[in-house]
Amino acid sequence: MYDLKNWNLPGFAIGASYVYAWDAKPATWQSNPDAYYDKNRTIEESAYSLDAVYTIQDGRAKGTMFKLHFTEYDNHSDIPSWGGGYGNIFQDERDVKFMVIAPFTIF
């Protein structure tokens with residue numbers, strides 16, 4: 001996360017990330033594989049995320065964070081979700097989350 005306080009925006013921060021993966025191989029334990037299964041096929045996948053955050057700087061709600069998170073995921077294949085021997089992979093996805101994180105003390 002990049003803090004924007006040096007830009008006269010105290011409490012604001014932005015962030016970005018990217019990941020690329022390759023050579024994911026299908027499971028070898030499947031007794032009844034589907035039509036997409038090919039033990040020699042590997043797949044690639046990638047994703048990027050963007051974040052925008054504001055944290056309240058003072059007052060009773062000091063430290064409360066509001067965060068907007070966006071992720072775009074692409075598995076670079078035509079295999080349907082959870083198919084082809086990839087029991088934990090899904091098709092392309094776009095995800096948007098809005099989070100409110102409020103600190104509190106129990107003891």
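Here, each number is a calculation from the coordinates, and none is a lab measurement. Remember, predicted model here, so these are calculated numbers, not experimental data. FYI the Cβ positions are ideal-geometry reconstructions off the backbone, even for glycines, and counts take in every protein chain you see.
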Neighbourhood charge, 15 Å Cβ-Cβ cut-off, centred on Val96 and excluding it, Lys, Arg +1 and Asp, Glu -1: -2
So if I place +1 on the C-beta of Lys and Arg and -1 on the C-beta of Asp and Glu, and nothing else carries charge, what would the dipole magnitude of the chain be about its Cα centre? I want it in debye, nearest 20. 580
The stretch 87-107 to the stretch 1-59: how many Å between their Cα centroids? 12
Residues whose placed amide H lies under 5 Å from that of Ser77, excluding near-sequence neighbours: none
Each residue of the stretch 18-29 in order: what ³J(HN,Hα) in whole Hz does its phi give by Karplus 6.51 cos²θ - 1.76 cosθ + 1.60, θ = phi - 60°, with x for Gly and Pro? 9, 9, 9, 10, 9, 6, 5, 9, x, 5, 9, 8
The list (1) 42, 16, 10; (2) 33, 27, 14; (3) 39, 18, 13 gives values of semi-axes √(5λ) of the Cα gyration tensor in Å, and only one came from this structure; which label was calculated from it? (1)
Put +1 on the Cβ of each Lys and Arg and -1 on the Cβ of each Asp and Glu in the chain; which of Phe107, Pro26, Gly83 then has its Cα farthest toward the positive end of the dipole? Phe107
If unit charges are put on Cβ atoms (+1 for Lys and Arg, -1 for Asp and Glu) and the dipole of the stretch 11-54 is taken about its Cα centre, the option from Thr42, Gly15, Ala52 lying farthest towards the positive end turns out to be Thr42
